[in-house]
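A short worksheet on the structure shown next.
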Amino acid sequence: MSLNSGTPVLERPLVDDATGAPVPVTSEPRPRRRWVRATVLGAVIPIAVIVLWQAIATSGLVPSYRLPTPLSVWAAGVDLYERGVLYQHIAISTQRVLLGFGIGAIVGLALASIVGLSARASELFAPTLGALRAVPSLAWVPLLGLYLGLNEDSKVALVAIGAFFPVYTTVAPALRHVDAHLVELGRSYGYSGPALLSLVQLPAVVPAVISSLRLALAQAWLFLVAGELLGASLGLGFLLVDSQQNGRIDRLFLTIILLGILGKGTDSAVGLLERFLLKRWGS
Amino acid sequence: MSSSSLRSSTPADALSVSIRELSRRFGDRVVLNELSLEIAAGEIVALIGPSGCGKSTLLRHIGGLDSPTGGSIAIGGAPVTGLDARSAIAFQEPRLLPWRSITRNVEVGLPRGKRTSADRDRVAELLELVKLSSSAHLRPREISGGMAQRVSLARALARRPGVLLLDEPFGALDALTRLSMQDLLLDLHAAEPATIVIVTHDVDEALYLADRVILLGAIDPTESAAQASIRSTVVVPGLRPRDRGSGDLAELRAELLEGLGVPTHHLSAR
Ligand SMILES: Nc1ncnc2c1ncn2[C@@H]1O[C@H](COP(=O)(O)OP(=O)(O)OP(=O)(O)O)[C@@H](O)[C@H]1O
Ligand SMILES: [Mg+2]
C-alpha cells in the first residue's frame, strides 16, 4: 500500500475560513517601511486641518473670539505650562481615567467570568446588571456626588462604571458562547476547572476581551469628562468649564486637542497589548 | 490506569470493551436499546448504520462522555464511570484549538502536567507517523481538512489509549486521502496496539479496516431508526492488509449495503 506516502496536493496553506481570502504568503512590505508609510499618511489630514484652520482664522471670516488661531492655542498651552497647571490638569485626569478604567475592567472581567461560565450565576446577576446598564450614565453623577462627595472617589467611581459595562457586556456572552465542542474536547482529555479555563475558554475570549478593553477605555474618557464637567477643581473637564466661563476659547480648543491626544495615546497602548496578545492567542 | 503508566514509554496494552444491555434514552426517545457487544483487546470493530441511529452516542458512552440510562460498560474488566483516561476519542469534527500550533494541539492529548523531553519526543514521533512533521508549526486555519483530521488522530494517540474511539475520522476527506489515511491507521495499529472502535458510513472502509463490522439500527423495521440495537454482525475474513477488490468482500459489501437499505443489484447477495 503506497498511497499513504503523503498527500502533497494538500500540504499547503489553504484559504482563510472566515474571509475566503488566500492566506498571505510573504508579499507584505517590510514592517519598518509600512510603519513609516502609515505615519506619513496618518499625518496628512491633521496637517491639512491645521493649515485650513490657520487660513480661516487669519482670513477674518470668523471673529477671533469664535475661532482662535492654531498659534494662539499653542501659546495658551505654553502659558498654562509655564504656570505649572497644565501638567496638573493632565496628570489628575489621566490618573482618574487609569484608576477608574483598571477598577471597572477588573470588576467587569470578574463578573463576566462568573456570569459567562455559570448558568445559575447568570440567572442571578444578568437581569439586575442589564437593568443597571439601562440607566443613562450621567444619572449616576448626582448620586455619586452625594454619597462620595465631589472628590476623587466619586470621579474614579464614575469612570469605573463607564469602563465596567463594555467589558461585562462583551465578555460574558463571549464566554457563554465558547464553542461547546472545544470545551467537551478539553473535558474528554482530562481537563477541568481552572485548567480547562486556561486551555479553552480564556484563549477563546482573548479577542473579545481586547476589543472590550478598547471600548471601555473610550468610555472611561467620556465618563471622566462628564464627571469633571459637573464638579471639579482640577482636570481637563474642569478646564473646559472654566475656559467656557471665562471666554477663553483658545484654552477650550487646547483642552479638546489634549483630550484627543491622550485618548488616542491610551488607545494605542491597548492596541500594542492587542498586537502582542493576538500574536500569541489569535487564530 | 495511573498517569505514571500513561506516561511510560512502552505503549499501553490494548484493552477489551464489554457493553452489557446498554440503553440510552433522551427524554422519551429511546436511542440505544439494550445493546450488548463484546470487543476483544486489540480488535478493530467498525460501526455502521443509518444516520441518527446512535453510533456517535454509543461511542460517547464507551468514552465516558455520556452516561447510560440502563446497562453498563467495562473497559479491561473495570467499569466506565465518567470520563476515562483509558480511552481516547477522535470526534467527528477535528476540534482543534485555533490559537495553538499543530504541535501544541497534539500536546493536548498528553497526560496533564509538566512537559518532559520524553513528551516532546512523543509528539514529534506522532507527527512523523501522521506525516505532519513539516507542518508542525502551523495553526489549524493554515492546514487542510485532511491534515486537521490527522492532527486529531495524533492527539488521540498521544494518550496511548487502551481503546481508541474514532467517530467518522475520515468522513470529510476526498477519496484518495481517505485511502491513504486508512492505511495509516492500520500502520499505527500495527505499531502501537490498541482496541479500535471506528464509526463510518463507508462500507468499503469498514470491510477494509475491521475484524468485525457491526450494523446498528432498529431490529423491528416498524420502529423508528433511532431505536438502535445490533442488527447484524459481520466477521470479516482474511488478514490485513486486505485486497480492496477481493471477491469475498464484495459479498459482504452487498450484504451490508442491503442491511443499510441500499439496493445493490448484486446477484449472489441473496
Ligand atoms: N444530547 C442529546 N439530546 C437529545 N437527543 C440526542 C442527543 N444526542 C443524540 N441525540 C439523538 O440520538 C440519536 C442518535 O444520535 P447520534 O449522534 O448517535 O447518531 P449517529 O448514528 O452518530 O448519526 P450520524 O451518522 O448522522 O452521525 C439522534 O436521533 C439524535 O437526535
Ligand atoms: Mg455521528
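Quick note: the coordinates plus some simple rules give every number you see, no bench work behind them. Computed from a predicted model, the values in this text were never measured in an experiment. Backbone-built Cβ (ideal geometry, glycine too); neighbour counts: all protein chains shown.
Under 22 Å Cα-Cα from residue A:155, which lysines qualify once same-chain neighbours fewer than 8 residues away are excluded?
Excluding near neighbours in sequence, the set is A:264.
For the pair residue B:20/residue A:211, report the inter-label distance in nm, with labels modelled 7 Å from Cα in the Cβ direction.
5.4
Within a 10 angstrom radius of the beta carbon, how do B:189, A:89 rank from fewest other beta carbons to most?
By the 10 Å Cβ count, ascending, the order reads B:189, A:89.
Rounded to the nearest 0.05, what FRET efficiency do residue A:91 and residue A:50 have when you use their Cβ-Cβ distance and R0 = 22 Å?
Result of the calculation: an efficiency of 0.25.
For B:181, B:147, what's the fewest-to-most ordering of other Cβ within 10 Å of each Cβ?
Ascending Cβ contact count within 10 Å gives the list B:181, B:147.
Given the -39500 (n - 2.57) contribution per DSSP H run of 4+ residues, what per-residue ellipticity at 222 nm results for chain A, rounded to the nearest 500 deg cm²/dmol?
About -25000 deg cm²/dmol.
PRE reach from residue B:235 (point 7 Å along Cα→Cβ): which of segment B:35-75 fall under 20 Å by backbone N?
Only B:36-48 fall inside the zone, counting backbone N under 20 Å.
Anyone know which of B:117, B:72, B:36 comes out most mobile in the 10 Å Cα GNM of chain B?
Most flexible of the set in this elastic network: B:117.
Working from Cα positions, state the angle (0 to 90°, nearest 10) between the long axis of helix A:31-59 and the longest principal axis of chain A.
Approximately 30 degrees, to the nearest ten.
If you take each beta carbon of peptide B:61-70 and count the beta carbons of other chains within 10 angstrom, what is the mean?
Rounded to a whole number, the mean comes out at 1.
Rounded to the nearest 10 degrees, what's the angle between the helix A:86-117 long axis and the longest principal axis of chain A, both from Cα atoms, 0 to 90?
Helix A:86-117 and the main axis of chain A meet at about 30 degrees.
What is the Cα convex hull volume of chain A when expressed per residue in Å³?
Measuring per residue, one finds 202 Å³ for the Cα hull of chain A.
Most fluctuating residue of B:218, B:172, B:90 in a GNM of chain B with Cα springs under 10 Å: which is it?
Looking only at B:218, B:172, B:90, the biggest GNM fluctuation is shown by B:172.
So between residue A:74 and residue A:98, what do we pick up on full extension, going 0.36 nm a residue minus the alpha carbon distance?
Contour length minus Cα-Cα distance gives 6.0 nm.
Quick check: the angle from helix B:145-157's long axis to the longest principal axis of chain B, C-alpha only, nearest 10 degrees?
Approximately 80 degrees, to the nearest ten.
For the pair residue B:251 and residue A:264, what calculated FRET efficiency results from E = 1/(1 + (r/R0)^6), where r is the Cβ-Cβ distance and R0 = 60 Å, to the nearest 0.05?
It comes out at approximately 0.20.
Can you give the FRET efficiency for residue B:29 and residue A:128, using 1/(1 + (r/R0)^6), R0 = 30 Å, r = Cβ-Cβ distance, to the nearest 0.05?
Approximately 0.20, to the nearest 0.05.
When the Kirkwood hydrodynamic radius is evaluated over all pairs of different C-alpha atoms of segment A:133-255, what value in angstrom, to one decimal, is obtained?
Averaging 1/r across every pair of different Cα atoms and inverting gives 17.0 Å.
List, in order, the whole-Hz ³J(HN,Hα) value for each residue of segment A:243-254 obtained from phi through the Karplus relation with A = 6.51, B = -1.76, C = 1.60 and θ = phi - 60°; use x for Gly and Pro.
5, 4, 5, 9, x, 8, 5, 4, 5, 4, 4, 4
Determine the gain in length on full extension of the stretch residue A:195-residue A:177; use 0.36 nm per residue of separation and subtract their C-alpha separation, reporting nm with one decimal.
4.6 nm
Apply the Kirkwood formula to chain B: the hydrodynamic radius equals the inverse of the mean of 1/r over all pairs of different alpha-carbon atoms; give it in Å with one decimal.
19.2
Scanning chain A for trypsin sites (Lys or Arg not before Pro) in DSSP loops with at most 11 other Cβ atoms within 10 Å, what's the longest stretch left with none?
Answer from the scan: A:84-283.
Treat each spin label as a single point 7 Å out from the Cα along the C-beta direction, and report the residue B:120 to residue B:104 distance in nm.
Label at residue B:120, label at residue B:104, 1.5 nm between them.
If I model a spin label as a point 7 Å beyond the Cα along the Cα-Cβ vector, how far apart are those points for residue A:37 and residue B:83 in nm?
4.8
Less than 19 Å apart at the alpha-carbon level, and either on another chain or at least 8 residues along: which aspartates and glutamates does that give for residue B:114?
Hits, sequence-local ones excluded: B:125.
Identify which of A:135, A:167, A:156 has the largest mean-square fluctuation in a Gaussian network model of chain A, with springs joining Cα atoms closer than 10 Å.
Highest fluctuation of the listed residues: A:135.
Please list, short to long, the whole-number percent of alpha-carbon pairs of the protein assembly as shown in consecutive 20 angstrom bins beginning at zero.
17, 37, 25, 16, 5, 0
So what's the back-of-envelope 222 nm ellipticity for chain B, counting only DSSP H runs of four-plus at -39500 (n - 2.57) apiece and dividing by all residues, rounded to 500?
-9000 deg cm²/dmol
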